[in-house]
1. Separation between the Ala162 and Arg26 pseudo-spin-labels, each 7 Å from Cα along Cα→Cβ, expressed in nm?
2. Could you calculate the FRET efficiency of Ala72 with Val139 from 1/(1 + (r/R0)^6), where r is the beta carbon distance between them and R0 is 22 Å, rounded to 0.05?
3. Report the full-extension gain for the segment Glu61 to Asp152: residue separation times 0.36 nm, less the Cα-Cα distance, to one decimal in nm.
4. For the residues Ser75, Ser128, what sequence is obtained by ranking on other C-beta atoms within 10 Å, fewest first?
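Derivation of every value follows stated rules applied to the coordinates shown; laboratory data play no part. Keep in mind the model is a prediction, meaning the values are calculated, not measured. Quick reminder, even Gly has a Cβ in these numbers, built from the backbone with ideal geometry, and neighbours come from all protein chains shown.
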Amino acid sequence: MVRLRRFRAGDEDEVAVWGRDPEVVRHYFGRRVLAGAEVPLVDLCAAGGRIIRAFETVEGELLGWVELRNIAWRSGGAELRICIGRRDRWGMGYGTAAVRAILAEAATRGLRHVHLRVALWNQRAIASYRKCGFRAQAVLRAGRRRAEGMEDLLLMTVDLAAQATSASSAG
């Protein structure tokens, strides 16, 4: 359904458009959308401490990006962030497919667990993360400051080693 790839020259223009869309920015869990980063997106892909991938349809339409950041190689953990910039593609399963793809890459690279934070109001995202194996761990009260005020977050984690074990025993 989706392909992960490195950012390419020219992707910045589309990402900049997403960064000006208040609804996209509201859903993205980050201090800012990648647009306006000090480092060009092509170079950002090579930055240490994180794995960032653009994702696109099999036809090549850029949809967003998915990122593993704050990677702790020794303990095998990382934080997931995702942004689907194309609002007309929300609710179609592309985000779920992109998360599954980056989790497969994380497991291949030896990571054992991934966590994320999501706004409690974002039930569509929470359902998608559950489909990918994430489980709720804690509610973080007033976990994020927004222009509208403080926002409660849900901390979710997935154990990649347990997923691999259950997948191999089911197969």
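1. For the pair Ala162/Arg26, the computed spacing is 3.4 nm.
2. Working: r = 23 Å, r/R0 = 1.07.
Efficiency for this residue pair is about 0.40.
3. Values: separation 91, 0.36 × 91 = 32.76 nm, distance 3.32 nm.
Difference between extended and current length: 29.4 nm.
4. Details: Ser75 10, Ser128 22.
Ascending Cβ contact count within 10 Å gives the list Ser75, Ser128.
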